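*Asks:* Shown below is the structure under consideration.
The values are calculated or read from the model by the stated rules, or taken from the named source; none is laboratory data. Nothing here was measured: the structure is a model prediction, and the numbers come from that model. Here the Cβ positions follow ideal geometry from the backbone for every residue, glycine too, while neighbour counts run over all protein chains shown. Heads up: the accessible areas ignore ligands, DNA and RNA and are worked out on the full protein's heavy atoms, side chains in. Shrake-Rupley method; radii C 1.70, N 1.55, O 1.52, S 1.80 Å.
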Amino acid sequence: MSKPTPQAIDPVEVRDRAVDLVRKVRFPQLATIDGDQPRSRPVSPVRTEDFTVFVADLKSYGKTREIETNPKVELCYVDEDHNQVRITGVAEVVTDRKLLQEIWDTNRLLQHYLGSIDNPLLIVYKIVPSRVRFM
C-alpha cells in the first residue's frame, strides 16, 4: 500500500483556507505549560478576528495559573479531513471594558453561567499570534 501524496495548495488560497478552518472548528485545543508538563484541553473561543483568538476562563481554573506563569500558548484547530491550523502566540488578559462588554453581549453561555460581566471569576484572554501554520 502506497502512502498518500499531499495535495498541493495554491499559496494564494492558504490564508483563506486557514481562516475558514478556524471559523468552522468550534472547539480547538489550547496547549499551555504547567512547569515542565504540557497541558492541552478543548476551549470554546468567545471571539475570533482572523487569527487573533479570545478565550474566556475562570480565574480558579488550572490554565489561568499556567498562563499567568508562562503566557506562551498554542491553539490547534483540526477539521474532519484532518487539516490543521496551529496558532502559536502569547495570551494577554483583556482589560478593555468596551471589548469585554462586546464579548459579553454576544455570548449567552457566559451570561448564563457567570450572571454578570463583573463576576470576579471571569477572565478573558486575547491570544496574539506570533506564528500561524496551515497543514
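*Asks:* Could you check the range 24-79 for strands (runs of 3 or more DSSP E) lying wholly inside it with 2 or more residues that are over 25 Å from Leu114 (Cα atoms)?
*Replies:* Answer list for the range 24-79: 29-34, 37-42, 72-78.
*Asks:* Follow-up. Against the definition (closer than 30 Å to Arg17 by Cβ and among the basic types (Lys, Arg)), how does Lys72 come out, yes or no?
*Replies:* The answer is yes for Lys72.
*Asks:* Something else now. Looking at Arg86, Arg65, Arg39, can you tell me which residue is basic (Lys, Arg) and in contact (Cβ under 8 Å) with a residue 40 or more places away in the chain?
*Replies:* Residue meeting the stated conditions: Arg86.
*Asks:* Taking the range 1-54 only, how many residues are closer than 18 Å to Asp81 by Cα, among the charged types (D, E, K, R), at pLDDT 90 or above and surrounded by 13 or more Cβ atoms within 10 Å (Cβ to Cβ)?
*Replies:* 2
*Asks:* Just to be sure, is Ile103 without any contact (Cβ under 8 Å) to a residue 60 or more places away in the chain and either open to solvent by less than 70 Å² (accessible area, probe 1.4 Å) or assigned to a strand (DSSP E or B) (or both)?
*Replies:* Answer is yes for this residue.
*Asks:* Could I ask something else about it? Looking only at the range 80-98, count every residue that is farther than 24 Å from Asp16 by Cβ, open to solvent by less than 70 Å² (accessible area, probe 1.4 Å) and assigned to a strand (DSSP E or B) and tell me the total.
*Replies:* Adding up the residues that qualify gives 2.
*Asks:* Continuing with this model, one more query. So, in the range 67-89, of the ones that are under 11 Å from the mean Cα position of the chain (by Cα) and of a type in the set (Ser, Thr, Tyr), which residue ends up nearest to Val128 (Cα to Cα)?
*Replies:* Thr88
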